[in-house]
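Everything below concerns the one structure shown next.
The values are calculated or read from the model by the stated rules, or taken from the named source; none is laboratory data. Only a predicted model underlies this, so the values are computations on that prediction, with no experimental measurement involved. Here Cβ is always computed from backbone atoms with ideal geometry, including for glycine, and neighbour counts include all displayed protein chains.
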Amino acid sequence: MPSIVLSAFEKENFTFDFLRFMKKVYILRKNWYSPKKLYDNSKTRNMNTKDLKIISETNRKRLLEVIYNAKAGHTGGDLSCLNMMTVLYHHYMNIDPKDLKNPNRDRFILSKGHCVESLFVVLESLGILSTEVLNTLGKYDSPLAGHPTINVPGIEVNSGALGHGLPIGVGMAIAAKMNKQSYKTFVMMGDGEQGEGSIYEAAMAGNQYKLDNLVAIIDRNMLQISGCTEDVMAIDNVVEKWSAFGWDVIVVNGDSIEDIIEKLDSIDYTCGKPHLLLSKTTKGLGVSYMENVAKWHHGVPSEEQYNQAMEELEARIQKVKEEA
Ligand SMILES: Cc1ncc(C[n+]2csc(CCOP(=O)(O)OP(=O)(O)O)c2C)c(N)n1
Ligand SMILES: [Mg+2]
């Protein structure tokens, strides 16, 4: 049997790596996924509108905190899709945080994967992702990346290269039909992402296979990385385009929790057509100096900006609490 002789340097580094590995295992086992905590938090499903608003506004504040501490994040697009994701995860989708591998769970794909911070915060608000692990975001050795990865409980698909979520969602929806499973597939896309040609191949396939168990969402915040979507690559006439592709198109005010609930409830899953929610939103929603400002596509507030954002977001929470 060949023997391996390690140099002093290698020995030292091996020990270092081994300790680092053990630390990772310890963090993962201790904090990653806590069924007891999940059980307690699973009471939050099927909530009333006011409670959902409070969760969404609280998630907004937590999002800013996470991005500020991580020193990186796609702040504007996170804030525009947070309402929709909060309603989907806390109210609408059939997902049991205690049973994330259930074959009949609804599937969610964050195709605009750069907005992973919003997904992390929603998963945390459901108790799926622990606060201790989320607090490692942006730090050396964190198990969390800057885009969705399937090592994180509750994340179904690696994403970040735009244009891939819908093709994958089509595959999942076809699989459900073939296997006679009742789950639905939801795909959150950006409006700048609509410049990716693969989306339109998937749109044709969705129609071809009559995927009425598939819901695509366009987060229509009118901005992408380098400016207004209509200046960079116009995607106008979205309703006409997707209708022509054979999709059931529903326009929703994505800044309004009430409208999101109403429009989700109106989806007819027996109509033989895939569904598109054109979700009209505000990039940077909730932080005055970020709203509709292209440079906040990606960005971390200064200390002063952060304090202002937290004040404004806290005021939004209080306003919802005071509503009848
Ligand atoms: C295939 C691919 N090309 C380019 C990028 C770089 N990129 C990251 S975010 C982004 C703009 C996305 O804009 P939009 O879809 O409108 O997202 P949102 O406004 O919701 O943040 C681009 C071009 C990428 N991630 N993937
Ligand atoms: Mg956009």
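Please verify whether the stretch 176-194 includes one or more residues that are within 11 Å of ligand 2 (Cβ to nearest atom), farther than 25 Å from Ser56 by Cα and either among the small types (Gly, Ala, Ser) or touching a helix residue (DSSP H, G or I) at 6+ places or on another chain (Cβ under 8 Å) (or both).
Yes, there is a match, as at least one residue in the stretch 176-194 is within 11 Å of ligand 2 (Cβ to nearest atom), farther than 25 Å from Ser56 by Cα and either among the small types (Gly, Ala, Ser) or touching a helix residue (DSSP H, G or I) at 6+ places or on another chain (Cβ under 8 Å) (or both).
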Provide a single number: the residues in the stretch 131-159 that are hydrophobic (A, V, I, L, M, F, W, C), over 20 Å from Glu65 (Cβ atoms) and surrounded by 19 or more Cβ atoms within 10 Å (Cβ to Cβ).
2
Pro153 fails exactly one of the following numbered conditions: (1) away from ligand 1 (no atom under 16 Å from the Cβ); (2) over 21 Å from Tyr92 (Cα atoms). What is the number of that condition?
(2)
Six or more apart or on different chains, Cβ under 6 Å: which pairs go from a residue in the stretch 55-77 that's closer than 20 Å to Ile317 by Cα to one that's within 16 Å of ligand 2 (Cβ to nearest atom) and of a type in the set (D, E, K, R)? Could you list them?
Leu63/Asp78; Leu63/Glu117; Val66/Glu117; Ile67/Glu117; Gly76/Lys283
If you check Leu166 against the conditions, is it within 16 Å of ligand 2 (Cβ to nearest atom), closer than 28 Å to Ser256 by Cα and part of a helix (DSSP H, G or I)?
yes
Check whether at least one residue in the stretch 233-254 is under 22 Å from the mean Cα position of the chain (by Cα) and not aliphatic (A, V, I, L, M), and report yes or no.
yes
Run Ala175 past the list (1) within 16 Å of ligand 1 (Cβ to nearest atom); (2) surrounded by fewer than 18 Cβ atoms within 10 Å (Cβ to Cβ) and report the number of the one that doesn't hold.
(1)
In the stretch 156-172, the residues that are small (Gly, Ala, Ser) and within 13 Å of ligand 1 (Cβ to nearest atom):
Ser159, Gly160, Ala161, Gly163, Gly165
Where residues in the stretch 259-276 are surrounded by 15 or more Cβ atoms within 10 Å (Cβ to Cβ) and not β-branched (Val, Ile, Thr), which of them is farthest from ligand 2 (Cβ to nearest atom)?
Lys273
Quick check on the stretch 229-236. Is at least one of its residues at pLDDT below 95, within 26 Å of Ile261 (Cα to Cα) and within 13 Å of ligand 1 (Cβ to nearest atom)?
yes
Selection from the stretch 231-279 of residues assigned to a helix (DSSP H, G or I) and of a type in the set (Ser, Thr, Tyr) yields Ser243
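In contact with an Asp or Glu (Cβ under 6 Å, 6 or more places away or on another chain) and either more than 16 Å from ligand 1 (Cβ to nearest atom) or small (Gly, Ala, Ser) (or both): is that true of Lys273 in this structure? Write out each step before concluding.
Values: in contact with an Asp or Glu (Cβ under 6 Å, 6 or more places away or on another chain): yes; either more than 16 Å from ligand 1 (Cβ to nearest atom) or small (Gly, Ala, Ser) (or both): yes.
Yes.
Could you check the stretch 221-230 and list, in sequence order, the residues that are within 8 Å of ligand 2 (Cβ to nearest atom), surrounded by fewer than 23 Cβ atoms within 10 Å (Cβ to Cβ) and outside any loop (DSSP other than H, G, I, E, B)? Spell out the reasoning first.
Start the filter on the stretch 221-230 by keeping residues that are within 8 Å of ligand 2 (Cβ to nearest atom), which leaves 221-224, 229.
Applying the additional criterion that residues be surrounded by fewer than 23 Cβ atoms within 10 Å (Cβ to Cβ) yields 222, 229.
Residue satisfying the conditions is Thr229 alone.
Any residue that is more than 26 Å from Gly192 (Cα to Cα) and away from ligand 1 (no atom under 16 Å from the Cβ) - is there at least one of those in the stretch 82-90? If you could, list the steps in order and put the result at the bottom.
We begin by selecting, within the stretch 82-90, every residue more than 26 Å from Gly192 (Cα to Cα); these are 90.
Retained after the next criterion (residues that are away from ligand 1 (no atom under 16 Å from the Cβ)): 90.
Yes; the residues of the stretch 82-90 include at least one that is more than 26 Å from Gly192 (Cα to Cα) and away from ligand 1 (no atom under 16 Å from the Cβ).
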Going through (1) of a type in the set (Ser, Thr, Tyr); (2) within 20 Å of the chain's Cα centre (by Cα); (3) part of a helix (DSSP H, G or I) one by one, Tyr183 fails only at (3)
If I filter the stretch 65-101 down to residues being of a type in the set (Ser, Thr, Tyr) and more than 15 Å from ligand 2 (Cβ to nearest atom), which single residue comes out as nearest to Lys53 (Cα to Cα)?
Thr86
Taking the residues in the stretch 96-148 that are of a type in the set (Val, Ile, Thr) and touching a residue at least 24 places away in the same chain (Cβ under 8 Å) as candidates, determine which candidate is farthest from Asp265 (Cα to Cα).
Thr136
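Please tell me if Gly192 is over 30 Å from Met47 (Cβ atoms) and either within 11 Å of ligand 1 (Cβ to nearest atom) or surrounded by 24 or more Cβ atoms within 10 Å (Cβ to Cβ) (or both). Please lay out each step first, then the result.
Values: over 30 Å from Met47 (Cβ atoms): yes; either within 11 Å of ligand 1 (Cβ to nearest atom) or surrounded by 24 or more Cβ atoms within 10 Å (Cβ to Cβ) (or both): yes.
Spelling it out, Gly192 is indeed over 30 Å from Met47 (Cβ atoms) and either within 11 Å of ligand 1 (Cβ to nearest atom) or surrounded by 24 or more Cβ atoms within 10 Å (Cβ to Cβ) (or both).
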Scan the stretch 189-206 and give yes if some residue there is within 17 Å of the chain's Cα centre (by Cα), at pLDDT 95 or above, of a type outside the set (A, V, I, L, M) and not in a helix (DSSP H, G or I), otherwise no.
yes
From Ser279, Ser256, grab the single residue that is within 16 Å of ligand 2 (Cβ to nearest atom), surrounded by 15 or more Cβ atoms within 10 Å (Cβ to Cβ) and among the small types (Gly, Ala, Ser).
Ser279
